[in-house]
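Asker: Mind looking over this structure? Questions follow.
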Amino acid sequence: MESTKKFYVTTPIYYVTAQPHLGSLYSTLLADVLARWHKYNDKRVFFLTGTDEHGQKIAQAAQKAGKQPKEFVDGFINDYKHTWKQYDIEYDHFIRTTDEYHIRGAQQFVQKLIDNGYVYKSEYTGMYCTPCETFVIDENRVCPSCGRETVILSEETYFFKLSNFTDKLLEFYNNNPHFIVPKERFNEVIAFVKSGLKDLSISRTSVPWGVPFPGDSRHTVYVWVEALCNYITGIGYGQPGKEEELQTWWPADIHVIGKDIIKFHAVYWPALLMAAEMSLPKHILVHGWITVDKQKMSKSLGNVIDPLALQQKYGADSVRYYLLRQLSINQDGDFSIADLEQRIESDLANDLGNLLNRMVTVAHKYNLIQVSDKHEWSEASLALLDIHNTLMKEYVSYMNECLFHQALATMWKFINATNSYFHSQEPWKVAQSNPQLFEEIIAATCQSLHTIGELLAPIMPQKMSDLLASINDPSHAREGVFVLKKIPPLFEKPITMNTEVTQGDSSEKKELSSCITIDDLSKVELRVGTIEACSNVEGSDKLVAMTVDLGDQGKRTVLAGLKKYYTPDQLVGKRGLYVTNLKPRKMAGIESHGMMLIGEGDNGKPQLISAHDSVPNGARLR
Ligand code: MSP
């Protein structure tokens, strides 16, 4: 995407019939990451989000709740604002379509369409989908988009001459091949427009809860037309004295939307803007849908994920990271607690958090607090720098293309390269014999962590600020010096999988992954083994590395967090139980090929679980 000095990003405005859910969080999060990324790249940024509060759907929900529409929507606004705050969403303005300035601005926009000769009055009869607020083409009385029942609606209406814009839109698409990101979504839009556009009904007499149509108050403005106007009314359109603001920010650089509302943004909105003689948004970023355990989120299934529950249990930054890393923007993606916990444990706690912790711990152990980054770099350090340069270029380019999951995959390649460097250099072995080399290894690792902290900050603002503070306390740092400070572990490993994170009444709630079946259990291979040899893992506070004899299964290396409680001598010869079919996992640079079962004793000390002497090494538990 081209570089300009300003960056204006928007989210869809959300229908306020309930609290925000994971889908709304996802759209908003993408916009927040973009806003932060472009700020980091020295742009002046404006980030708009808000709520879509008019229309039949809202009026019906309010009626069901026994409230007036405005009173009903008012009740949810704080839920939105609070949720965004908990997730560190740094928007500049929160627009509500019931705000006076928006209503006036939307009316002025429609008046402009009328003045320019693009609106006429006629009669419309068609199948109408109330939940989607739209007339649809359907044969079976169900909405092709949401699958719900449609009704026949006949009414006097004002039409917008959308059909006039078929060729102009196609020409615009042709001249702006990056208008829709990712480009895979462009074809469906082009095909839709090529099939011929019909004029669009833009007023309703049947929906009183809306913006009065200019010059004819028996009609209200079609809620989608009014809602789309938020992107300009939110930055001053229609407000005297705000012309400069509008001029500064419009056109939007990116509208972030879900795939279900692409037609409104990529076809209707550009046509409306052309008719009003305004410039068109530069890009529309279209994301896929989130499913939960492969199913659509819905109240009736009780699987609507509550972003606040997730944040309370796992922390905002871990959820932010997970959503961007796990879901590929151009596809639908499945949310699961197991995947989330796996990402936190493996990517965040093990790969990143431990790297920082081990580096600072070993530096402190040998009294290295201030680290100069001026060194005659050794070959290994230069090789790391090379990897840094190549991978970070790739990262930046993925971020600019909004391919966040690929950017993060690239970043983790670099984190792992830094981990390998740190372990292969074994700084603990040279700390006393070669202090210069020791400082160089710590400095090179710090430099990597510094880049990681800065480039990941748009994704995990809080945690990366903690990380940077741990290597570079600004109040002490001089140019070219890292100041190392011990901090609590950057990421906590999740404790349990039994987590209540769905929205709704408790009677509707479901526990995700709280029970396993006998088939699940039979997948776990548990065997008896004896510790044949054991040593402390250098650079780690917790780990010991053991050679475990598993009888006819052979011998293997298993790591366990026992260092604080046992010396290696105390462990050699002990019998224990092991999970032997776990995927090997690298910790502190050593691959562990199994997991020892440990029970916590009275005093919190881990105790090995032993087997009867008559059960030989390698025997499988059933
Ligand atoms: N009010 C309209 C947007 C008007 S913009 C001028 C609307 N609101 S919505 O609340 O129904 O949806 C808002 C956004 O949330 C859409 O981008 C939609 O794609 C997104 N999501 C809603 N559920 C979702 C998932 N399950 N997964 C991902 N995003 C989804 O449409």
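Asker: From zero outward in steps of 10 Å, how is the percent of C-alpha pairs of the range 528-592 spread across the bins?
Answerer: 23, 56, 21, 0
Asker: Which ³J(HN,Hα) values in Hz, rounded to whole numbers, follow from the phi angles of the range 277-286 under the Karplus curve 6.51 cos²θ - 1.76 cosθ + 1.60, where θ = phi - 60° and Gly and Pro get x?
Answerer: Once rounded to whole Hz, the list reads 6, 10, 6, 9, x, 7, 9, 10, 9, 10.
Asker: Which FRET efficiency value, to the nearest 0.05, do you get for LYS39 and LYS242 by plugging their Cβ-Cβ distance into 1/(1 + (r/R0)^6) with R0 = 22 Å?
Answerer: Rounded to the nearest 0.05, the efficiency is 0.45.
Asker: At 24 Å minimum axial length over the Cα atoms and a Kyte-Doolittle cut of -0.5, report the qualifying DSSP H helices in the chain, or say none.
Answerer: Answer set is 22-40, 379-400, 404-425, 435-456.
Asker: Suppose we keep just the alpha-carbon trace of the range 143-290; what are its Rg and Dmax in angstrom?
Answerer: When restricted to the Cα atoms of the range 143-290, Rg and Dmax are 16.2, 46 Å.
Asker: Another question, then. Using all Cα-Cα distances in the range 103-157, what percent lands in each 10 angstrom bin from 0 up to the longest?
Answerer: 23, 32, 32, 13
Asker: Once fully extended, how much extra length lies between LYS374 and LYS429, figured as 0.36 nm per residue of separation less the alpha-carbon to alpha-carbon distance?
Answerer: Gain on extension, LYS374 to LYS429, equals 17.6 nm.
Asker: Please list log₁₀ I(q)/I(0) at q = 0.15, 0.23, 0.26, 0.29 Å⁻¹ for the range 555-622, using the Debye equation with identical point scatterers on the alpha-carbon positions.
Answerer: After summing over all Cα pairs, the log10 values are -0.55, -1.22, -1.39, -1.46.
Asker: Another one. Taking the alpha carbon gyration tensor of the range 40-121, what are the square roots of 5 times its eigenvalues, largest first, to the nearest whole Å?
Answerer: Ellipsoid semi-axes (Å, largest first): 27, 25, 8.
Asker: Can you give the FRET efficiency to the nearest 0.05 for GLN63 and GLN331, using r as the Cβ-Cβ distance and R₀ = 30 Å?
Answerer: It comes out at approximately 0.20.
Asker: Average the reciprocal distances over every distinct pair of alpha-carbons in the range 348-411, invert the result, and give the Kirkwood radius in Å.
Answerer: 14.1 Å
Asker: Now for a different question. Given H placed 1.01 Å from N in the peptide plane, which residues other than close sequence neighbours of TYR124 have an amide H under 5 Å from its amide H?
Answerer: GLU155, GLU156, THR157
Asker: State the percentage of accessible surface on the range 1-102 attributable to carbon and sulfur atoms; use a 1.4 Å probe and exclude ligands, DNA and RNA.
Answerer: Heavy-atom surface of the range 1-102 belonging to carbon and sulfur, 1.4 Å probe: 45 percent.
Asker: Same structure again: Rounded to the nearest 10 Å², what accessible area does VAL304 show when all protein chains are kept and the probe is 1.4 Å?
Answerer: It works out to around 20 Å².
Asker: A follow-up question, please. Solvent-accessible area of HIS54, probe 1.4 Å, all protein chains present, reported in Å² to the nearest ten, please.
Answerer: 10 Å²
Asker: Oh, and also: By the scheme Lys and Arg +1, Asp and Glu -1, what is the net charge of all other residues having a beta-carbon under 11 Å from that of THR547?
Answerer: 0
Asker: Another question, if that's okay. Assign unit charges at the C-beta atoms only (+1 for Lys and Arg, -1 for Asp and Glu), then state the dipole size of the chain relative to its Cα centre in Debye, rounded to the nearest 20.
Answerer: Using only the charged Cβ atoms, the result is roughly 580 debye.
Asker: Here's something else I'd like to know. Considering only TYR565, THR166, GLN503, whose Cα is most displaced toward the positive end of the charge dipole of the chain, charges sitting on Cβ of Lys, Arg (+1) and Asp, Glu (-1)?
Answerer: Most positive-ward Cα: TYR565.
Asker: What's the extension gain from VAL615 to HIS178 if we count 0.36 nm per residue and subtract their Cα-Cα distance?
Answerer: My answer for the length gained is 150.7 nm.
Asker: So for the pair LYS555, SER206, with labels modelled 7 Å out along Cα→Cβ, what separation do we get in nm?
Answerer: Label at LYS555, label at SER206, 8.0 nm between them.
Asker: Something else about it: Helix-only mean residue ellipticity at 222 nm, the chain, DSSP H runs n ≥ 4 weighted -39,500 (n - 2.57), per residue, nearest 500. What is it?
Answerer: -11500 deg cm²/dmol
Asker: I've got another one for you. Per residue, what volume in Å³ does the Cα convex hull of the range 184-254 take up?
Answerer: 140 Å³
Asker: If you don't mind, another one. Could you order VAL396, VAL267 by accessible surface area, starting with the largest, using a probe radius of 1.4 Å?
Answerer: VAL396, VAL267
Asker: Still on this structure: Output the direction-averaged projected area (hull surface divided by four) of the convex hull of the alpha-carbon atoms of the range 78-122, in nm².
Answerer: Over every viewing direction, the Cα hull of the range 78-122 projects on average to 5.1 nm².
Asker: Another question about this same structure. From the convex hull of the Cα coordinates of the chain, what is the mean projected area in square nanometres?
Answerer: 34.1 nm²
Asker: For the range 308-356, count the residues as N, evaluate 2.2 N^0.38 Å, and divide the Cα radius of gyration by that value, please.
Answerer: Dividing the Cα Rg of the range 308-356 by 2.2 N^0.38 Å gives 1.15.
Asker: Quick one: putting +1 on the C-beta of Lys and Arg, -1 on the C-beta of Asp and Glu, what dipole do you get for the range 311-363 around its Cα centre, in Debye to the nearest 20?
Answerer: The dipole of the range 311-363 has a size of about 220 debye.
Asker: Okay, moving on. Just to verify a number: what accessible area does TYR231 come out at with the full protein assembly present, 1.4 Å probe, Å² rounded to tens?
Answerer: TYR231 has an accessible surface of roughly 0 Å² with all protein chains in place.
Asker: With no solvent and one equal point scatterer placed on each C-alpha of the range 376-484, evaluate the Debye formula and give log10 I(q)/I(0) for q = 0.09, 0.13, 0.23 Å⁻¹, two decimals.
Answerer: -0.25, -0.52, -1.30
Asker: Set Lys and Arg Cβ to +1 and Asp and Glu Cβ to -1, take the dipole of the range 316-356 about its Cα centre, and tell me which of LEU356, LEU327, GLN342 lies farthest positive.
Answerer: Toward the positive end, the furthest listed residue is LEU356.
Asker: Compare ASP334, ASP115, ASP52, ASP466 by solvent-accessible area with a 1.4 Å probe and give them largest first, with all protein chains kept in place.
Answerer: These residues rank, largest area first, as ASP115, ASP466, ASP334, ASP52.
Asker: Right, another one. From largest accessible area down, sort GLU156, GLU171; use a 1.4 Å probe on the protein chains.
Answerer: Final ranking, largest accessible area leading: GLU171, GLU156.
Asker: Select from HIS388, LEU490, THR83 the residue farthest towards the positive end of the dipole of the chain; place +1 on Cβ of Lys and Arg, -1 on Cβ of Asp and Glu, and compute about the Cα centre.
Answerer: Comparing the listed Cα positions along the dipole, LEU490 ranks first.
The values are calculated or read from the model by the stated rules, or taken from the named source; none is laboratory data. All values reported here derive from a predicted model rather than from experimental measurement. Every residue, glycine among them, receives a Cβ derived from its backbone with ideal geometry; neighbour counts consider all protein chains shown. Note: accessible area is taken over every heavy atom of the protein model, side chains too, but ligands, DNA and RNA are not part of it. Shrake-Rupley method; radii C 1.70, N 1.55, O 1.52, S 1.80 Å.
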